[in-house]
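Visitor: I am attaching a structure below and will ask some questions about it afterwards.
Here, each number is a calculation from the coordinates, and none is a lab measurement. Just so it is clear, the model here is predicted, and its values are computed rather than measured. In this analysis, Cβ positions are derived from the backbone assuming ideal geometry, glycine residues included, and neighbour counts consider all displayed protein chains.
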Amino acid sequence: MWNTIRNASEGANLPGCDVPYIFVLRAVFLIFSALCALALADAGVAQAQAPAGLSPPAGARLQGVVLLSRHGLRGPTKATRCAPATSGACFDALASRPWPADVAAGHLLQEGYGRVARLGRFYRTHYAALGLLPGGACPPPDAAAFTADRSERTIVTAGALMDAMFPGCAIPRWSVSADVYKGPSCGFDPALAARAAQAMAGGSWAMAAAGELRAPLAAMDAALGPFSAAGCAAHGAAAPCALASVPVSADAPGPIALATAPSEQFLMQYAAGHPPDQVAWGRLEAASGRPLPEALTFVSTIHAFYDRAAHMPKYQAVKKGSPVLARVLEALEATAGEGPALQVFASHDDLILNVAGMLDLRWQLESYQPEQVPPGGAIAFELWRSAEGESMVRLVYFAQTITQMHVDAVLSDAAPPAMALLPLPACETGADGLCPFARFRQIAREAIDPACVGKPERSSP
């Protein structure tokens, strides 16, 4: 199975897309571990208990699940070595100390594969306990489907989930398509999107920087330290400078936009198991006055704030998210019929936020900021059939906490990942979070702009 995933990744025609040999060794180890774990768990899976606060709806039967997942832990999406540093496109152009460069830009870390596999094994046992999946045997050929775009990190994330959930099984229904989450431009105007982001940020980036983001930005300023001369020039500041020197105005986010990527990369360093002195060059605890896990949550305020403003306003959410929500709805409609009981879409944080903006979703997960999209986490669109025979939808967010990722914790219904029920404001859901599927379909169709939805050409290796 892993060789198939690797071949698909190599076919993406991306620079450096060949999966490192260590990934193959890691995959073999994880598959072996998954086989052992599933064999041990198989006998007792029917007795597994649902995580606290997420019990099965009374009298309902689970019909299917569509997972909209973010990829796992990755390296920085921009090149991390600049020689000479002539732009703001790499961290060496910012911090005077070199940024670690142990993975190709944007590629999944080997630890990212392992953490996603942990979630995959949890999904298998959790949904087997709810009667959706077989406890230990391979599923029928048409029971599960996996989809990714052509990013290396989503392809390998899909592979990690597949191998962990169904080790040693042939899963014929999986596809890789460059445009699966894309549609026509449908009149997208970056200027309108920028104004919508500014409005969601409170109307003024400068006010946000001086208000709720002031302390997190100060901590990031101290952690990043002085910029190189090229970094100052690239971001409109005279040398010597630092993050605090970068101009910010009502309509220009300046240091907020600049700090968002390194604040999340610090979190990914820790989540990958790096020792504290290797996270943010060992500076973040002193810079924030907090223990490292709490410091990471604290500076994540910047990343969550900026990404929420950038991707959740209705304008850009509809323009960019319509193809994604259309795929999710199509998958749910197939599951309600004779389609796969489990469908997995490996995607990106901006797309999840787009869908959330379209549906007005809100969440708060343990160790994260509101509406933060953790690496590897997923929104589960669960399709239930009530005792009266009505199809119902429930949305649940699953993600490992920062500490669970750091220690590579084993997950189970007894020791679950962070989770949250996501009520649909447009649907009168009760405490169980259930929304009639007919109503969910109506909400989704009203949110989707058909002009923004394309029909991707799906490729199956």
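Visitor: Would you grab the residues whose amide H sits under 5 Å from the one on ALA145? Only those 5+ places off in sequence or on another chain, please, with H modelled 1.01 Å from N.
Guide: LEU342, GLN343, VAL344
Visitor: Using 10 Å bins from zero, what percent of all Cα-Cα pairs in region 190-311 falls into each bin?
Guide: Here the calculated profile for region 190-311 is 14, 43, 34, 9, 0.
Visitor: For region 388-401, in order, what is each residue's ³J(HN,Hα) by Karplus, 6.51 cos²θ - 1.76 cosθ + 1.60 with θ = phi - 60°, in whole Hz (x at glycine and Pro)?
Guide: Per-residue couplings from phi come out as 8, x, 8, 7, 10, 10, 10, 9, 9, 9, 10, 6, 5, 5 Hz.
Visitor: Here's another thing I want to ask about it. What aspartates and glutamates does LYS314 reach when the alpha-carbon gap must be under 18 Å and sequence neighbours fewer than 8 apart in one chain are set aside?
Guide: Those aspartates and glutamates meeting the cut-off are ASP189, ASP349, ASP350, ASP360, GLU371, GLU446, ASP449.
Visitor: Counting only C-alpha contacts under 8 Å and six or more residues apart, can you give the relative contact order of region 177-256 as a whole percent?
Guide: 29
Visitor: Work out how much length LYS455 to CYS138 would gain on full extension: take 0.36 nm times their residue separation and subtract the Cα-Cα distance, in nm to one decimal.
Guide: The span from LYS455 to CYS138 would gain 111.0 nm if fully extended.
Visitor: Continuing with this model, one more query. Using θ = phi - 60° and the Karplus form 6.51 cos²θ - 1.76 cosθ + 1.60, what ³J(HN,Hα) does each residue of region 270-281 get, whole Hz, x for Gly and Pro?
Guide: Couplings: 5, 4, 7, x, 5, x, x, 6, 9, 9, 6, 6 Hz.
Visitor: I'd like the distance separating the alpha-carbon centroids of region 304-350 and region 136-188, in whole Å.
Guide: 14
Visitor: With θ taken as phi - 60° and the coefficients 6.51, -1.76 and 1.60, list the Karplus ³J(HN,Hα) couplings across region 328-335 in order, rounded to whole Hz; mark glycine and proline as x.
Guide: So the J values, rounded to whole Hz, are 4, 5, 4, 5, 5, 5, 5, 5.
Visitor: Moving to a separate point now. What's the ranking of 215-225, 438-448, 188-198 by average number of surrounding C-beta atoms within 10 Å, highest first?
Guide: 215-225, 438-448, 188-198
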